[in-house]
1. Please list, ordered by residue number, the helices (runs of 4 or more DSSP H) wholly in segment 40-155 having 1 or more residues that are of a type in the set (S, T, N, Q).
2. Conditions: (1) surrounded by fewer than 22 Cβ atoms within 10 Å (Cβ to Cβ); (2) modelled with pLDDT of 95 or more; (3) within 16 Å of the ligand (Cβ to nearest atom). F165 meets all but one. Number of the miss?
3. Counting only residues that are open to solvent by 30 Å² or more (accessible area, probe 1.4 Å), in contact with a Gly (Cβ under 9 Å, 6 or more places away or on another chain) and either within 18 Å of K168 (Cβ to Cβ) or without any contact (Cβ under 8 Å) to a residue 24 or more places away in the chain (or both), how many does segment 83-96 have?
4. Among all residue pairs at least 6 apart or on different chains, which show Cβ distances below 7 Å where the first residue, located in segment 54-77, is of a type in the set (F, W, Y) and the second is away from the ligand (no atom under 16 Å from the Cβ) and open to solvent by less than 10 Å² (accessible area, probe 1.4 Å)?
5. Those residues that are open to solvent by less than 10 Å² (accessible area, probe 1.4 Å), of a type in the set (S, T, N, Q) and within 16 Å of the ligand (Cβ to nearest atom), I need them from segment 111-149; list them, please.
6. Return the only residue of L105, L99 being away from the ligand (no atom under 16 Å from the Cβ), under 15 Å from G64 (Cβ atoms), crowded, with 21+ Cβ neighbours inside 10 Å and in contact (Cβ under 8 Å) with a residue 12 or more places away in the chain.
Amino acid sequence: MEINHWHCYENMFSSRQFEASVTTVWRSGKISGEMHLSTGEEAITAGTVLQLQAGDAMALDHRGTSAMLMRGVDPFRLLREFMGKSDGLCHGQGGHMHLFSKRHLAASSGIVGATGPAAAGFALANRALRPGSVALAFFGDGAMNQGMLLESMNLAVAWRLPVVFICKDSKWAITTLSASVTGGKLVNRAIGMGMPATSIDGTDVEAVWKTASKSLIRARKGKGPSFIHATCTHPEGHFLGDPLLRIARHPVKEMKKVAGPMIKSAIHLQGASILKRSGSLATVTTLIGKTARDQHFSGKDPLSRLRRQLKKENGRLEKLENELINKNQAVINRALAAR
Ligand SMILES: Cc1ncc(C[n+]2csc(CCOP(=O)(O)OP(=O)(O)O)c2C)c(N)n1
């Protein structure tokens, strides 16, 4: 299937909008617990999920929102699920990490590595019940050290299962730098098991699309699984509210110069009242957090990358974005107004 950049952008933009709204709702306290966003992964999702056909399945990790949206799951039911409401996708029982839709053959899990066995199971069923259909397995680099994922990759090769294994490599597993606990190159593990493996820039939707297209054709023809290693960055860190401690441990040079004196002056004994000073300290830390986030994501945003390509048709682009913003806002308003 040929890539349609506008269709990809529409899906990526809608997902980003939805997750920006989820962030606001989460901050307001209407969603409890941790919140893991798929923001930063949109090109990987669009380049794979938008190529799926009826009968194809997908196993998603704790960042399943963009894939669910791009597969056509109702955003109203997703947000209501996140809010723990009975009219949510899973009647409010799953939350954002444990989503399931039988109609879309889609299941997510917060258990790291669990998408390997789930996708292998989907693929086994697909081969028997819906020949020619496939299953996608999404997981992070952290999952590549999980036994059950490696076992299912091995079995998928041995049984020639129609699976595409997609490793979204953000380099980090919460606060652990993957390189510090991982031997060798990830693609070599897949190659060693006997499946083709390709490493790509996961912020480039076209590269993802082309690679996924080859893997999907191969799987549909009954030739077995493949492995895609796609790099990405999560601008928010591991979860919403992540203080990006790891960035503080590897400070950006500029920030290091500015942060110290700013904090020192904010807590200086003389001058304004303690209340004012603690207020300004909060402003300083928020600013530092934002700077860290911006620098951390700079040049690694799949959405801005595709947007630059489409900007030559600026009128069309802005019209589309406005329509999608309004559409998203209407869904959010409806979800927040419902009881
Ligand atoms: C089996 C298992 N071990 C540990 C955890 C705790 N945990 C949750 S997310 C995470 C890191 C996952 O890193 P990665 O797979 O790279 O995904 P990312 O969050 O970076 O997208 C860990 C260790 C878990 N949920 N499941």
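The values are calculated or read from the model by the stated rules, or taken from the named source; none is laboratory data. Remember, predicted model here, so these are calculated numbers, not experimental data. Cβ atoms come from the backbone with ideal geometry, glycine included; neighbour counts cover every protein chain shown. What goes into the accessible areas is simple: the full protein's heavy atoms, side chains included, and nothing from ligands, DNA or RNA. Shrake-Rupley method; radii C 1.70, N 1.55, O 1.52, S 1.80 Å.
1. Answer list for segment 40-155: 42-49, 65-70, 115-129.
2. (1)
3. 2
4. What qualifies is F76/A335.
5. Matches in segment 111-149: T115 only.
6. None of the other options fit; the residue is L105.
Residue-wise test of (1) within 16 Å of the ligand (Cβ to nearest atom); (2) open to solvent by less than 10 Å² (accessible area, probe 1.4 Å).
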site: G202; (1), (2): yes, yes
site: K221; (1), (2): no, no
site: G224; (1), (2): no, yes
site: H229; (1), (2): yes, no
site: T233; (1), (2): yes, no
site: H238; (1), (2): yes, no
site: G241; (1), (2): yes, no
